Amino acid sequence: MIQQTLVLIKPDGLKKSLTGNVLTRLSETKLDIVAAKIVRVSRELAEEHYKQLKDKPFFEELLKYIMGEYHKKKVMALVYWGENAIDKVRQICGATNPEEADPVSIRGAYGRITTKGVYENVIHASTNEAEAEREIKLWFQPDEIIVDLYPTKTVKKSIEVRVWA
Ligand code: IDP
Ligand code: MG
């Protein structure tokens, strides 16, 4: 089954210069990267991304973490695409809790639990197709992805945009 999945290299991954290591590990999957960018995460984006966790005691800390308050204010967002993309990527990421994750996995090798109790686990990956669709549409516009993943429509917009001076 051909799938797409959202991957985020979280601020701790960028701060620790793990981008290369993470991308190399993910290349073992032989999946295609069909979108990639560096994002400064707003509070709105963070809240929307993690909205299923809003009642958790660690939610506020989680928002600060993904917004980069503790590391660098940036995240690398990618879309991986190919056969069984969701499970293949999650397998290499490892379990959510870095102390329970297989030491060979990305989270097992590079993650930690902070003194405030947040799992700083370096990477995010979608867990199922519905979540992948919601997340990819949240982080990317259709034209930022080089393949057609979901139906699109064309609308006329009259907006001011910033261009190079
Ligand atoms: P996932 O990232 O493996 O899909 P989720 O349950 O969706 O796990 O949680 C999102 C993120 O919230 C985790 O990656 C981790 O950073 C953080 N998190 C999840 N559960 C806990 C917890 O019990 N304590 C602290 N942080 C957590
Ligand atoms: Mg999740």
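Within a Cβ distance under 11 Å of residue 126, other residues only, what is the Lys/Arg minus Asp/Glu net charge?
Values: positive: 90, 134; negative: 87, 129, 131, 133, 135.
Computed value for this residue: -3.
Based only on Cα atoms, what Rg/Rh ratio does the stretch 72-165 have, Rh being taken as Kirkwood's radius? Before the final figure, lay out the partial values.
Working: Rg = 17.3 Å, Rh = 16.0 Å.
Checking Rg against Rh, the ratio lands at 1.08.
Residue farthest toward the positive end of the dipole of the stretch 31-156, with Cβ of Lys/Arg at +1 and Asp/Glu at -1: which of 70, 52, 141?
Projecting each Cα onto the dipole axis, the largest value belongs to 70.
Can you give the net charge of the other residues whose Cβ lies under 13 Å from the Cβ of residue 112, counting K and R as +1 and D and E as -1? Mind dumping the intermediate values first?
Values: positive: 10, 15, 16, 107, 116; negative: 12, 99, 100, 120.
Net charge in that neighbourhood comes out at +1.
For the stretch 33-123, what relative contact order do you get, as a whole percent, if you take Cα pairs closer than 8 Å and at least 6 residues apart? Display every interim value, and only then the final one.
Details: 122 pairs, mean separation 22.6, N = 91.
Normalised by residue count, the contact order of the stretch 33-123 is 25 percent.
Could you pull the Cα extents of the chain along its three principal axes, largest to smallest, in whole Å?
49, 35, 34
Packing-wise, with mean Cβ within 10 Å as the measure, how do 126-135, 36-45 rank, highest first? Walk me through the intermediate numbers first.
Details: 126-135: 16.7, 36-45: 13.3.
Going from most to least packed, we get 126-135, 36-45.
For the chain, what % of the accessible area comes from carbon and sulfur atoms, probe 1.4 Å?
Details: 5090 of 9990 Å².
Its accessible area is 51 percent carbon and sulfur atoms.
Magnitude of the Cβ-charge dipole of the chain, K/R +1 and D/E -1, about the Cα centre, nearest 20 debye?
Numbers: 26 positive and 24 negative charges, 131 e Å.
Result for the chain is approximately 620 debye, rounded to the nearest 20.
Work out how much length residue 51 to residue 30 would gain on full extension: take 0.36 nm times their residue separation and subtract the Cα-Cα distance, in nm to one decimal.
Details: separation 21, 0.36 × 21 = 7.56 nm, distance 3.09 nm.
Here the answer is 4.5 nm.
Round to the nearest 0.05 the FRET efficiency obtained for residue 58 and residue 37 when R0 = 22 Å and r is the Cβ-Cβ distance. Spell out each step's value before the answer.
Details: r = 27 Å, r/R0 = 1.23.
That pair, residue 58 with residue 37, gives E of 0.25.
Whole number in Å², please: accessible area per residue of the chain, 1.4 Å probe, ligands, DNA and RNA not counted. The partial results should precede the final answer.
Details: 9990 Å² over 165 residues.
The answer is 61 Å² per residue.
Would you give the gap between the C-alpha center of the stretch 52-104 and the C-alpha center of the stretch 18-49, rounded to a whole Å?
When both Cα centres are located, 10 Å separates them.
Rounded if a/c is under 1.5, else prolate if a/b beats b/c, else oblate: with a ≥ b ≥ c from the C-alpha gyration tensor eigenvalues square-rooted, which is the stretch 114-165? Write down the numbers at each step before the final one.
Values: a/c = 3.12, a/b = 1.60, b/c = 1.95.
Verdict is oblate for the stretch 114-165.
For the pair residue 2 and residue 163, how long in nm is the line joining their label points, each one 7 Å along Cα→Cβ?
3.6 nm
Tell me what the chain gives for mean residue ellipticity at 222 nm when only DSSP H runs of n ≥ 4 count, each as -39,500 (n - 2.57), the sum divided by the residue total, rounded to 500 deg cm²/dmol. Present the calculation step by step, with values, prior to reporting the outcome.
Numbers: 7 runs with 55 residues, N = 165.
For the chain, the value works out to -9000 deg cm²/dmol.
Give me log10 I(q)/I(0) at q = 0.12, 0.25 Å⁻¹ for the stretch 47-113, Debye formula, one equal scatterer per alpha-carbon, no solvent.
-0.40, -1.22
The values are calculated or read from the model by the stated rules, or taken from the named source; none is laboratory data. No experiment lies behind these values; they were computed from the predicted model shown. Positions of Cβ are generated from backbone atoms using ideal geometry, with glycine treated the same way; all protein chains shown enter the neighbour counts. These accessible areas exclude ligands, DNA and RNA; they are computed on the full protein's heavy atoms, side chains included. Shrake-Rupley method; radii C 1.70, N 1.55, O 1.52, S 1.80 Å.
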